[in-house]
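Heads up, the thing below is written out as structure tokens.
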Amino acid sequence: MKRIDVPIEEPPRAAESAELSSAHREGRGPAKAGTNRGKPASVSGADGAGQPASESLATIDPATLNSEQLEELKQRAAKADENWERLLRATADFDNYKKRAAREKQDAIKYANETLLEKLVPVLDNFDMALAAAENTKVEGVESLQAGIKMIHQQLKAALVGGGLEEIDATGKPFDPNFHEAVSQQESADVPEGQVLQQLRKGYKLRDRLLRPATVSVAKRPAH
């Protein structure tokens, strides 16, 4: 329905009537005619301030509209629907962006030590090899050196574990390509096929993120 605003002519107020009467008696003549004609009516609110009054509205039957007006209304309605859909998509995209940004922020905090731990993992490898060499050496006085290396190794490992480092132990477990890297296969009648026969190098994770896969040798069925 089309709405038509119809202005309401406001009757003269009491103060204006008194002023007109006084002007007539004093010979000043009446005020200009039509001063308040054609203006919307206004009423005083509860606080005394004048507020515009609601204007009377008239409705028109859509059947009285011509084809051009109907077509224009259809185009406006289609444009409004299009803008609404755009608003919905923009709102959904913004919500997804906020969730993604929050998740990336949490991951940045959770895995902040990743680069540092990747650099320190080879140090643990060297400590492991040094301890293995010291245990196989039959030299007098090496026990104190071995104890010192072991103590430093434990301290470093404890610090890394506190930073989120987890060791991957693959020995005797089924081969898992997500955490194991197979570099060879060996025939074995005692170990089931597809199971890790030997761990050649330890693997490590930073919480639930893989830093380095464990290097392993996988068992296979013996050839007949």
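Observations on the model:
- Relative to the 2.2 N^0.38 Å rule of thumb, segment 67-110 has a C-alpha radius of gyration ratio of 2.07.
- Along its principal axes, segment 158-224 has C-alpha extents of 49, 18, 14 angstrom, given from the largest down.
- Sequence of PHE175, PHE94 once ranked by neighbouring C-beta atoms within 10 Å, starting from the fewest: PHE94, PHE175
- Checking the Cα-Cα distances for LYS110/LYS157; LYS138/LYS220; LYS157/LYS220; LYS98/LYS202; LYS150/LYS205 against a 27 Å cut-off, the pairs over it are LYS138/LYS220; LYS157/LYS220; LYS98/LYS202.
- Sequence of GLU140, GLU72 once ranked by neighbouring C-beta atoms within 10 Å, starting from the fewest: GLU140, GLU72
- The packing ranking, built from the mean of other Cβ atoms within 10 Å per residue, places the peptides 143-154, 201-212 in the order 201-212, 143-154, highest first.
- Cα centroid separation, segment 133-155 to segment 75-89 (Å): 76
- Convex hull projection area averaged over all views, segment 114-220, Cα basis, nm²: 7.8
- Computed FRET value (nearest 0.05) for GLN155 with THR115, which takes r as the C-beta separation and R₀ as 35 Å: 0.95
- For segment 179-224, the set of GluC sites (Glu not before Pro) satisfying both a DSSP loop assignment and a count of at most 15 other C-beta atoms within 10 Å is given as GLU193.
- Segment 100-131 and segment 189-224 have Cα centres separated by 22 Å.
Bear in mind these aren't lab numbers, they're just calculated from the coordinates by the rules spelled out. Worth saying up front: this structure is predicted, and the values here are computed from it rather than measured. Counting neighbours? That spans all protein chains shown, and the Cβs are built from the backbone with ideal geometry, glycine included.
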